[in-house]
1. Order by neighbour count: Ile75, Ile118, Ile138, Ile159, fewest other Cβ atoms within 10 Å first, most last.
2. Quickly work out the Ala35-to-Ala82 label distance, labels modelled 7 Å from Cα along the C-beta direction, and quote it in nm with one decimal.
3. Once Lys and Arg get +1 and Asp and Glu get -1 on their Cβ, which of Val72, Val182, Phe141 lies farthest toward the positive end of the dipole of the range 27-190?
4. Percent of Cα-Cα pairs per 10 Å bin, from 0 to the last occupied bin, for the range 45-133, please list those.
5. Under a point-charge model restricted to the Cβ atoms of Lys and Arg (+1) and Asp and Glu (-1), what is the dipole moment magnitude of the range 42-193 relative to its Cα centre, in debye to the nearest 20?
6. Can you work out ³J(HN,Hα) from phi for every residue in the range 153-167, in order, using Karplus 6.51 cos²θ - 1.76 cosθ + 1.60 and θ = phi - 60°, giving whole Hz and x for Gly and Pro?
7. Could you derive backbone 3J(HN,Hα) for the range 106-115 from the dihedral phi with the Karplus parameters 6.51, -1.76 and 1.60 (θ = phi - 60°), listing whole Hz in sequence and x where the residue is Gly or Pro?
8. Any idea how far apart Ile138 and Asp109 come out in nm if each label point goes 7 Å out from Cα toward Cβ?
Amino acid sequence: MKRLLATVAIFAAGSAPALAHVGHGATGSFAPGIAHPLSGLDHMTVMVAVGLWAALKDGRALWLWPATFVAVMLIGGALGMAHVALPFVEPAILASVVALGILVALAVDLPVWAGAAIIGAFALFHGHAHGSEVAENIAGFEYMAGFALATASLHALGIGFANFATRHSLRPLVRVAGAVCVVVGAGLYGGVI
């Protein structure tokens, strides 16, 4: 676990902005809110990874971890809309891609509460980034609602893939998908992707 935290810290300390936030694209209604998570590799990777990891853990984590991400993301969005400053938003988002990928690739089995805490911490930063870019009116709330729906759908995609792989004796593919998340995170970090 100490090596995992050290790896995440290294990526966070040296990361550049993911350029998927603040000022990128329309943020004035429900439809752009749905579209936004589907347009950024960092979003898709993290959201699917949450679903993959929840499916690996199974039990209460299967619904609690994705629900935690969506709920805390909305809290972070509200903070961003209220212009409450949060440091290290972009580095934390990039770190989340790598960290969640590592957790899936290594099939790290943490207590449900610990997984929820990790997922919630990353969700706060994702939500803040998007809340910072939306209008402070009803259109901003519509955008966040669309964003939440798309996020939950990507979590479901990760859960569905993991369940399919498990049913067909292909469970190692879930861990491979986690490794792909790490590679994507490293590529975003290095500016290659």
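Every number here is computed from the coordinates shown, using simple stated rules; none is lab data. What you see is a predicted model, and the numbers here were worked out from it, not measured in a lab. Backbone-built Cβ (ideal geometry, glycine too); neighbour counts: all protein chains shown.
1. Neighbour counts put them in this order, fewest first: Ile138, Ile75, Ile118, Ile159.
2. With each label point 7 Å from Cα toward Cβ, the separation is 3.0 nm.
3. The one lying farthest along the dipole's positive direction is Val182.
4. 20, 51, 25, 5
5. Using only the charged Cβ atoms, the result is roughly 580 debye.
6. Coupling constants for the range 153-167: 5, 5, 4, 4, 4, x, 4, x, 4, 5, 5, 4, 4, 5, 4 Hz.
7. 8, 6, 5, 9, 9, x, 4, 5, 5, x
8. 5.1 nm
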